[in-house]
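What follows is a set of notes on a single structure, which appears directly below.
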Amino acid sequence: SVPLPGIPGTTFERTLVFVKPEGVHRGLVSNIMGRWERRGFTLVACKLVKPSYELVRQHYNYMSERPFYDGLCEHMSESGPVLAMVWQGRDVIKTSRLMIGATNPLTAAPGTVRGDLAVHVGRNVVHASDGVIGAATEIQLWFRDEEIAQMDSAKNPWLYDER
Ligand code: GDP
Ligand code: MG
């Protein structure tokens, strides 16, 4: 079976994506999920959760010296639920970063989630892991092993020119 964080560099690569509270409140969940589905990725885990303050502080630990850190963590844990997802597929980590767009929606390209659906960096609607290590760490932080489906995608021959 595929390990929790997936297998980077294969069609079993996995990444963590979540819709932030503002995206859930604004009713953008299906729009955002649909983008990953249509691109050809496979949803292997999904839950609507109100993350604890501790989980969020750990998730954004690398931001702890920044002035907006406390506000960001309070917003993420107190404003409402977050839709946390694990998506699987070849190059899903890098592709998901391209699909969410630049951190500041002001410079996010149209066609990206932030370029289409957000205006301010403090309410930029979505998260995606920024690399192989981040993806592995974050998937294990947000999900338990048994919450992730083992999916063997029947659609793979129509997505990849390889066996
Ligand atoms: P991301 O990986 O594109 O989400 O960006 P970062 O990892 O650099 O930052 C994490 C999150 O911190 C962002 O998605 C924003 O929610 C928040 N953030 C980053 N920079 C700023 C800022 O200058 N102001 C505010 N208010 N929030 C910020
Ligand atoms: Mg980041």
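The values are calculated or read from the model by the stated rules, or taken from the named source; none is laboratory data. Just so it is clear, the structure is predicted and the values come from calculations on it, not from any experiment. A quick note on method: Cβ atoms are made from the backbone with ideal geometry, for glycine too, and the neighbour counts reach across all protein chains shown. Heavy atoms of the whole protein, side chains included, go into the accessibility calculation; ligands, DNA and RNA do not. Shrake-Rupley method; radii C 1.70, N 1.55, O 1.52, S 1.80 Å.
Residues that are in a helix (DSSP H, G or I) and either within 11 Å of ligand 1 (Cβ to nearest atom) or surrounded by 13 or more Cβ atoms within 10 Å (Cβ to Cβ) (or both) occur at least once in the stretch 77-85. Does Gly27 satisfy being out of contact with any helix residue (DSSP H, G or I) (no Cβ under 6 Å at 6 or more places or on another chain), more than 23 Å from Gln150 (Cα to Cα), away from ligand 2 (no atom under 16 Å from the Cβ) and part of a loop (DSSP other than H, G, I, E, B)? Considered against the rule, which asks whether it is out of contact with any helix residue (DSSP H, G or I) (no Cβ under 6 Å at 6 or more places or on another chain), more than 23 Å from Gln150 (Cα to Cα), away from ligand 2 (no atom under 16 Å from the Cβ) and part of a loop (DSSP other than H, G, I, E, B), Gly27 comes out as yes.
Out of all the residues in the stretch 141-158, is one or more on the phi > 0 side of the Ramachandran plot, within 14 Å of ligand 2 (Cβ to nearest atom) and either surrounded by 13 or more Cβ atoms within 10 Å (Cβ to Cβ) or assigned to a helix (DSSP H, G or I) (or both)? No, that holds for no residue. Considered as a group, the residues in the stretch 86-106 that are within 15 Å of ligand 2 (Cβ to nearest atom) and not in a helix (DSSP H, G or I) include one that is surrounded by the most Cβ atoms within 10 Å (Cβ to Cβ), and that residue is Gly101. Considering the stretch 115-130, the residues that are within 6 Å of ligand 1 (Cβ to nearest atom) and in a loop (DSSP other than H, G, I, E, B) include one that is surrounded by the most Cβ atoms within 10 Å (Cβ to Cβ), namely Asn124. Selection within the stretch 53-68: residues that are under 19 Å from the mean Cα position of the chain (by Cα) and aromatic (Phe, Trp, Tyr). The member of this set that is least open to solvent (accessible area, probe 1.4 Å) is Tyr60.
Is there a residue being at positive phi and either open to solvent by less than 40 Å² (accessible area, probe 1.4 Å) or at pLDDT below 95 (or both) anywhere in the stretch 69-76? Checking the stretch 69-76: not a single residue is at positive phi and either open to solvent by less than 40 Å² (accessible area, probe 1.4 Å) or at pLDDT below 95 (or both). Summed over the stretch 30-70, residues that are in a loop (DSSP other than H, G, I, E, B), under 21 Å from Ser96 (Cβ atoms) and among the hydroxyl-bearing types (Ser, Thr, Tyr) total 1.
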